[in-house]
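What follows is calculated from the coordinates using simple rules that are stated; it is not laboratory data. Small disclaimer: the values here were computed from a predicted structure and weren't measured. Ideal geometry is used to build each Cβ from the backbone, glycine not excepted, and the neighbour counts take in all protein chains shown.
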Amino acid sequence: MAKGILEFDLSDNFEEEQFQLAVKSKDFYFAITDFDEYLRKIQKYGTDDNPNATEFIAIETVRAKLQEYLNVYDVHLDMLS
């Protein structure tokens, strides 16, 4: 069984920040996934407000930009599915 071990010196402020990022990375992932899903549902089904054409285009633009940034960092929202 392959293992990966991350080690941090928690007395060092920089490494403490890196530790927090590592520990919270799954939370970041799920927050971004939930936000993308929220935007997708508005795009597909609308909302009670029924977004107008300008808002719809803005949602498409935001989702496209989010995907662009995720691709730059080689992060895929379906990687934990």
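Note down the net charge around Asp36, summing +1 for each Lys or Arg and -1 for each Asp or Glu among other residues with Cβ under 14 Å from its Cβ. Can you show the working numbers first?
Details: positive: Arg40, Lys41, Lys44, Arg63, Lys65; negative: Asp34, Glu37, Glu60, Glu68, Asp78.
Surrounding charge for Asp36 is 0.
Compute the signed sum of charges (Lys and Arg +1, Asp and Glu -1) over the other residues within less than 13 Å, Cβ to Cβ, of Glu17. Before the final figure, lay out the partial values.
Working: positive: Lys24; negative: Asp9, Asp12, Glu15, Glu16.
Around Glu17, the surrounding residues sum to -3.
Using DSSP to call loops (not H, G, I, E or B), can you name the trypsin sites (Lys or Arg not before Pro) in the stretch 1-31 whose Cβ has at most 14 other Cβ atoms within 10 angstrom?
Taking the stretch 1-31 and a limit of 14 other Cβ atoms within 10 Å, the loop trypsin sites (Lys or Arg not before Pro) found are Lys3.
Would you kindly state how much longer the chain becomes between Tyr69 and Ala2 on full extension, computed as 0.36 nm times their sequence separation minus their alpha carbon distance, in nm to one decimal?
Contour length minus the Cα-Cα distance gives 21.1 nm.
Please give me, ordered by residue number, the chymotrypsin sites (Phe, Trp or Tyr not before Pro) of the stretch 13-77 that lie in loop per DSSP and have at most 15 other Cβ atoms within 10 Å.
The qualifying sites are Tyr73.
In terms of Cα to Cα distance under 16 Å, which aspartates and glutamates are near enough to Lys41, apart from those fewer than 8 places away along the same chain?
Asp49, Glu55, Glu60
Suppose R0 equals 22 Å; then what is the FRET efficiency for His76 and Asp9 from their Cβ-Cβ distance, rounded to the nearest 0.05?
With a Förster radius of 22 Å, E is 0.10.
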